[in-house]
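Readers should treat all values here as calculations from the given coordinates under stated rules, not as data from a laboratory. What you are looking at is a predicted structure, and each value in this text was computed from that prediction instead of being measured.
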């Protein structure tokens, strides 16, 4: 995946500080089955350096609201709910599945 210069700069700055991922992102990233051991180690380092946002009652309640209002797939609803509850911006290349969710801060990777 090639990123724009702006997206690359944004991500590099983000990773110099702290960043969060949903437990769903952790499962998805580390669950890839067709990657090399080197790629897995890189993803594992990325995940291990992040703060993982786990499913708690507030995220569960927000996930339910999102699924009811926007008919969103469960993994996407959990990711969005995690961002909303923890006041985080969702950085994604997949803005299409998230742009309809009100209250969600969304930033495109610009790929």
Relative to the longest principal axis of the chain, what angle (0 to 90°, nearest 10) does the C-alpha long axis of helix 74-85 take? 90 degrees
Rounded to the nearest Å, what's the spacing between the alpha carbon centres of region 14-56 and region 59-91? Just the number, please. 18 Å
Tilt of helix 57-70 relative to the longest C-alpha principal axis of the chain, in degrees (0 to 90, nearest 10)? 80 degrees
Dividing the mean separation of Cα pairs under 8 Å (6+ apart) by the residue count of region 5-108 yields a relative contact order in percent of 23 percent
Using a Gaussian network model of the chain with C-alpha springs under 10 Å, which one of 97, 76, 56 is most mobile by mean-square fluctuation? 56
Give me Rg over Rh for the chain, both radii from the alpha carbons and Rh done the Kirkwood way, two decimal places. 0.96
